[in-house]
Structure formats: structure tokens, C-alpha cells
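Each reported figure results from applying straightforward, stated rules to the coordinates on display, with no laboratory input. Treat the numbers as computed from the prediction; the structure is a model and nothing was measured. Counting neighbours? That spans all protein chains shown, and the Cβs are built from the backbone with ideal geometry, glycine included.
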Amino acid sequence: MEKYWNESMECATHNEMRSLQSFRLSQTVRRVYENVKPYREKMDAAGVKPEDIKSVDDLYKLPFTMKQDLRDNYPYGLFAVPMEEVVRLHASSGTTGKQIVVGYTENDLEVWKECCARALTAAGATKHDFMHVSYGYGLFTGGFGIHNGAEKVGMTVIPVSTGNTKRQINIIKDFGSTFLCCTPSYALYLAETMEEMGITKDDIKLKGGLFGAEPWTEEMRQEIQNKLGIKAMDIYGLTEVIGPGVAFECCEQNGMHINEDHFIVETIDPDTGEVLPEGSQGEIVFTCITKEAFPVIRYRTRDIGVLKREKCSCGRNLVKMMKPKGRTDDMLIIRGVNVFPSQIESVLLQLGNTAPYYQLIVDRVNNTDTLEIQVELSPEMFSDTVKSLEDSEKLIKSAIDSTLGISASIRLVEPKTIPRVEGKAVRVIDNRRKKQ
Ligand code: ADP
Ligand code: ZN
């Protein structure tokens, strides 16, 4: 039977959850209106008063918060408590520009631990397990977030952080790690290094892992599960909202339950800002309803996803977000066709005739967008004949063309030439940006 960390919240009925959310929302809105000038100014400009927000149904009246608002009020302009109540700072990893900083009160850290403890429990982890954390420790939320959640569950936490991949493998083997947390790309790199060291999945005790911080496909999940001999679960979060643990997968491995008692989620049309019905693909928007130091209101994540509210076989009633495709910032527009790197990953891994490492080089030549997909040869393929390599290239090209409707040039590169990463993978090199 599926175990829960907090059954009353995870399995509350939709109506119970909505009334809790409504209460918490109205309180949060009142608090930020009183304590945070930029929120007050935005609400005043929109003609909304705290008393207009009585329930979740009123959420749409509130103005959105964008990454730019966080940058404009850097570093502490959006904090809703005096600094003496803030016990921790984190910052976004700055993947898409100037970093932003967020703060936590003692209670916010408790909320965060709770969210991660739910995710870990849903992944099957208990106090008998050993948690190997390879997320970076520091301003990035990954390391500390999972670390504290795992301690709360009572797991034996091994705070390895990033770096020295061979040493990581030895630790997994010697310390008997049963769970692993890192980015999916690093999980793959660990598997590859393990193979090089002549260590097989039978030599280690890993049985599960929680992977997030970047988009990854179902095909990538299969790769990781097969190579490490584990059940690979997805976990989602972002610094602006709290860090990892905003949403997590259950035994179904089909969508991530959102911790709705702490975060209200909406999907909107990214162009018009219009709220979309649950089930339509759109930009994911979160409102924090329990955080004290840094409660974002209608924060536009720029992540594109789909929400599903249906009876889940795990017993949880929390709404699910399906695997996000990626951020609108990462979406490539190639000769007018929109593609996410994750869609290309899916095609490449489904064909399965190369190694699971790729990079996309985008450029503009004679006013026309070009896309080159560099894919690594697997060591076995490397010794193939020129003819069979050409055939592989053709196969990939036609699969990309027919599935995504874009024409790309394919370049098969030697094994181990695409850079391996310890954190988030860099999938796209867009040379058009340099030319602007
Ligand atoms: P940065 O914005 O600098 O990359 P964060 O570490 O806060 O800093 O990144 C959060 C972002 O990472 C999310 O908005 C989302 O785009 C991505 N992300 C996190 N977890 C997942 C996941 N499980 N699947 C897909 N994308 C994810
Ligand atoms: Zn479920």
C-alpha cells in the first residue's frame, strides 16, 4: 500500500482543500499588501483590495508576479517579514539571467522539509534508507532542500554535493546508499562512470532516486532506471516558490502531485495571461499561501505544462502536473516551428541507436534559422562502417522531420565529446543571440 507522509493533506477531498486554500490565500494577500510595497502598488494599480480576495475563485483578480519583479526588487524588496526573522537565503542558479534571492523564516524551512518529506515518502524512502545527495549545496536550493527533508523522514543523509564523480560512485558503493538525488543528466553521468569503473548495478544498493531541476523525458527515465537498476521519480520545484518539493511523483510515475495546501497552481495562456481550464497546456503559475518571508503571488514560472485532476491510484487527491516540457525561454523557434529540447530528446532516445547525450546548435545563416543536432555515438557504434553511420544520421533526420516538422542537420560526434555536467545540462547553444 502506498504510504503517505501527511495523509490528511495529501488525501484531503478537493472541497476540503479549496476551503483551506481560500482561507490561507486571503490571509497571505492581506499580509503582503500590508508588508510589501511593490505588491501593494501593483494591487492598487489593478484596483484590487485585500478584502476582494475571499476565495480561490478571486485569485484571477490579482496581478501576476514576473521574474522581472524579483530582479527589480533585488535583493530584499519583496520580503514580507523583517530581516531578523529570516534565517536562510537561497538564490536561483541563474540559468536564465541575473540571479534572484529568496528568504526563509524558521517556519518556511519547516514547510519546505514537509514538502520534501512527502516527495521522499512517495518515492518509497523511509528512515531505514540512506540518501545520497549529489545536488549542489550552497545558494542553489537542491542540496539543502532534499537534505533537510530526508533528515525529517529520518533517513541517513550523505551530503556529498557535486563533484568528483568517481568518488561519488565509491561512496554509493561503500556507504550503501539506497536513494540518490541529483539532476537526471548527472544520474546518467554517474551510471556511465560506474560502467567505466567496472562496477555494475548489482554491486550497489541503490533502489530509488528523485531527479529534477531540469526537464527530462520518459525515455530518459527508462535509461536511468535500466542503467542504475532503480525506480526513478520526478521531483519539481523552483527557487522563487520554495525549491524542490513543490510537486512530486507517486508510485504511478505519471504526473507530479502539487502540494496544494502550500501552493495554489493555475495554468494560463502565456500570451494573453488568460486563465485556462485544468487540462489545457499552458504556463504554470504558483501562489504561495503558507510562506512567511517570500510568498510569491501568481508567480509566472515560464514552465509549460498541463494540470490533471483525477482520482490517482496512489490515493492522493492533490492535483497533478504532467512532466513539464520546458521553459518558454528554452523553446526554440526554428523557421517558425516551436520546439522544446525535450521533444528532440524524446525522438533521439526512442530511436535508441545513439548514446543519450546530445546538444542543439542553433544559428541563422542567410536569414534562415538552422538547427544542428549533435548526438554522441555509443562506443559500439564508433567502430561501425561509414555507411552504417550515414544510415543512422538519415534515420534520425527523418524521424525529427516527421515527428516535429523541422529539418535539422545531424552530426554524430565521438563518444564522450558532449560535455558532462554535475548540475543542469546545457542542451542548447544559440549562436543567433550573439549576432543580435
Ligand atoms: P534557475 O531558474 O536559475 O534555473 P532553479 O533551480 O530555481 O533556478 O530552477 C527551477 C526551474 O527548473 C523550474 O522553473 C523548471 O524550469 C526547472 N525544473 C525543476 N524541476 C523540474 C522537473 N522535475 N522537470 C522539469 N523542469 C524542472
Ligand atoms: Zn498519485
Query - On Cα atoms only, tilt of 165-175 relative to the major axis of the chain in degrees - result: 70
Requested in this report: Would you mind putting 377-387, 32-42 in packing order, based on average other-beta-carbon counts within 10 Å, highest first?
Outcome: 32-42, 377-387
Query raised in the report: Once fully extended, how much extra length lies between Ser402 and Glu106, figured as 0.36 nm per residue of separation less the alpha-carbon to alpha-carbon distance?
Result: 101.3 nm
Requested in this report: May I ask which residue of Gly142, Trp112, Phe294 lies farthest towards the positive end of the charge dipole of region 1-328, with charges of +1 (Lys, Arg) and -1 (Asp, Glu) on Cβ and the Cα centre as origin?
Outcome: Gly142
Query raised in the report: Hey, got the dipole for the chain? About the Cα centre, +1 on K and R Cβ, -1 on D and E Cβ, debye to the nearest 20?
Result: 460
Report summary line: For the Arg411, Arg432 Cβ pair and Förster radius 25 Å, calculated FRET efficiency rounded to 0.05 is 0.85
Query raised in the report: In nm, what is the difference between 0.36 nm times the number of residues separating Arg309 and Val275 and their Cα-Cα distance?
Result: 10.6 nm
**Report entry** Highest average packing first - 45-53, 255-263, Cβ atoms within 10 Å
**Finding:** 255-263, 45-53
Query raised in the report: Which distance in nm do the two modelled labels at Ser378 and Ala46 give, with both placed 7 Å along the Cα-to-Cβ direction?
Result: 5.1
Query raised in the report: Which order do Ile344, Ile100, Ile334 fall in if you start with the one that has the fewest other Cβ atoms within 10 Å?
Result: Ile334, Ile100, Ile344
Report summary line: In region 332-435, taking the dipole from +1 charges on Lys and Arg beta carbons and -1 charges on Asp and Glu beta carbons about the Cα centre, the listed residue (Ser392, Ser342, Leu412) farthest towards the positive end is Ser342
